[in-house]
Amino acid sequence: MLPGEDRAARRVLTVCLAAGATTLLDQSVLNIAVPALRQSLSAGATDVQWIVSGYSLAFGIALVPGGSLGDARGRRHLFLLGLAAFVVCGVIAATGTRPGTVVVARLAQGAGAGLVNSQVIGTLQDVFRGVDRARALGLYAVTGGVAAALGPALGGALVALCGPDPGWRLCLLLSTPCGMLTWWLAARRLPPPRRLAAPGRPDLWGLVCVAALTLSLMLPFIRTPGGGPAVVLWTAAALAAAGALVLGQWWRVRRGRVPLVHPSLVRSAPYALGTVVAMAQFGSSMAAGLVLTLFLQSGLGLSALTTAAVTLPSAVAMGVSSAVAWRVVRRIGTHTVTAGLALGIVALLGGALAATRLPDAALPVALAVVQLGSGVAGGLAVSPNQARVLQHAPAEAAGVAGGILQMAQRIAAAVCLSAVSGIYLRGSTGAEGAPRTAFAVASLVCAGLLGAGLVLSAVLRREPAEAGGPSPAVAPEPVTAAPANRRTPRRPHDPAA
């Protein structure tokens, strides 16, 4: 490969990583600033739920349609459109004076972020091949994870240094200069749009069913609960949407048309199992991070800046461990994912033990050490697992495969954030020491989620290799990146292509 072509691929990777970091940082940076936002806008509990969680809801809904459109129409224009919407709506949310304005802006911003990230995964799979593809996808996963872990620390620092009202607005404006720079780089460096999916009409029925399924699964967990009848209603809606999706996909295959969910994804046990592992890891880490923030601020009465200092080691450790994760992968293969999940369980159990045993003075330091372990665990588990999952996606369904994976993670996050934070909030009221016990119980629940992922990861390790190619974790030799400005023909002897 020519040196210029190699540089072009690295430039595309830089743009994709910047987009992932910008959009995923914006999701977590607001968490610590929620009390300041609520006081500044005189917002009610429902308003706050929509401001914080509506971003994730719209993000999740936009992923699969965005991936499908990118596969069929090309990714570059959709990437630029989504990023522009993300930046503009972020400014509107940061300058809003009423809760309703901020809610609508955050919903639109989340949709833009979902559109961008579905193009990112598809672009990385278009441009890179073999081990380079695995590393590129791993870097994207780790960049997003580090950005999400860094968000609370940055948010706490802004609120502490600038004050409550300017602080939460600056949290939302933090992504604006990053987004503008990323848009400029994307306009210059992303490859020209090209269609990868088979020609034909898009699967509109499948898109509607996926959107309805995502909405019915996530919405009950980000709004004020409506009791038993509401749960039954949303469950019935989810089952109906899932059934309509399955029937619609079957009908399109019978008619000789390309379905939304590529048949190879449906038949791939490693793709399905790896997606569930990603759901367990993502949901557990998001819920554990939120509960830790609640415990430090409301349970121990620590300031936003101190809370940020406790959570910061997680982001640092995840960045460092991800840099060496591929060396570990070369030694022990896909056992790296299992080892990362096991370490995450140990860290959560250590946090639960510290909360019930240590005095107030020593507890923040102990929890910072726990966060260090959690960050290392995330660096070992996240990127190798994502690369392992997405290797089974064909090129013509790369965007949809990545969208389904991220959508599943968003659904897991919505469910786990609501359920685990509810466990903590219900248990933290009452007798003295109740917040400590509630935090320990919530940590045990998160450890249980990782335990389920650990079992599935062990099962996945024993799955035979499929036609999609060998696991990137055990690939014997690197394959150079495909040029960013033209399509590389597939070679029969390169199963990873």
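The values are calculated or read from the model by the stated rules, or taken from the named source; none is laboratory data. In this text the structure is predicted, and so the values were computed from the model without any measurement. Using ideal geometry, Cβ is built from the backbone for each residue, glycine included, and neighbour counts are taken over all protein chains shown. Side chains included, ligands, DNA and RNA excluded: accessible areas come from the protein's heavy atoms. Shrake-Rupley method; radii C 1.70, N 1.55, O 1.52, S 1.80 Å.
Before moving on, here are some points about what is shown:
- Selection from region 301-316 of residues that are polar (S, T, N, Q) and open to solvent by 40 Å² or more (accessible area, probe 1.4 Å): 303, 306
- Residue that is modelled with the highest pLDDT [pool: residues in region 18-32 that are in contact with a Pro (Cβ under 8 Å, 6 or more places away or on another chain) and open to solvent by less than 30 Å² (accessible area, probe 1.4 Å)]: 29
- Assessment of region 62-73 against the conditions (farther than 30 Å from residue 133 by Cβ, open to solvent by 30 Å² or more (accessible area, probe 1.4 Å) and not β-branched (Val, Ile, Thr)) yields no matching residue.
- In this structure, residue 100 does not qualify as surrounded by 24 or more Cβ atoms within 10 Å (Cβ to Cβ), of a type outside the set (Val, Ile, Thr) and part of a helix (DSSP H, G or I).
- A residue that is under 30 Å from residue 155 (Cβ atoms), assigned to a helix (DSSP H, G or I), open to solvent by less than 10 Å² (accessible area, probe 1.4 Å) and small (Gly, Ala, Ser) occurs somewhere in region 286-300.
- Screening residue 42 with (1) open to solvent by 30 Å² or more (accessible area, probe 1.4 Å); (2) farther than 27 Å from residue 307 by Cβ gives one miss only, at (2).
- Test: residue in region 51-61 that is in contact with a Lys or Arg (Cβ under 6 Å, 6 or more places away or on another chain) and open to solvent by 30 Å² or more (accessible area, probe 1.4 Å): no
- For the condition in contact with a Leu (Cβ under 8 Å, 6 or more places away or on another chain) and assigned to a helix (DSSP H, G or I), residue 181 does not qualify.
- Residue selected from region 320-335 under the condition open to solvent by 20 Å² or more (accessible area, probe 1.4 Å) and among the aliphatic types (A, V, I, L, M), by the criterion nearest to residue 146 (Cα to Cα): 320
- Candidate set: region 360-369, residues that are modelled with pLDDT of 90 or more and open to solvent by 80 Å² or more (accessible area, probe 1.4 Å); chosen: the one farthest from the chain's Cα centre (by Cα): 365
- Residue 114 assigned to a helix (DSSP H, G or I) and small (Gly, Ala, Ser): yes
- Restricting region 416-429 to residues that are open to solvent by 30 Å² or more (accessible area, probe 1.4 Å) and modelled with pLDDT of 80 or more, the residue that is nearest to residue 277 (Cα to Cα) is 419.
- Answer from 405, 444 - the residue that is part of a helix (DSSP H, G or I), under 30 Å from residue 213 (Cα atoms) and open to solvent by 40 Å² or more (accessible area, probe 1.4 Å): 444
- For region 329-354, the tally of residues that are part of a helix (DSSP H, G or I) and either on the phi > 0 side of the Ramachandran plot or under 23 Å from the mean Cα position of the chain (by Cα) (or both) stands at 15.
- The combined condition, being modelled with pLDDT under 85, open to solvent by less than 30 Å² (accessible area, probe 1.4 Å), part of a helix (DSSP H, G or I) and not small (Gly, Ala, Ser), is fulfilled by residue 384.
- For beta carbons closer than 6 Å, sequence separation of 6+ or different chains, a first residue in region 75-104 that is more than 26 Å from residue 166 (Cβ to Cβ) and a second that is not in a helix (DSSP H, G or I), the qualifying pairs are 76/190; 76/193; 77/193.
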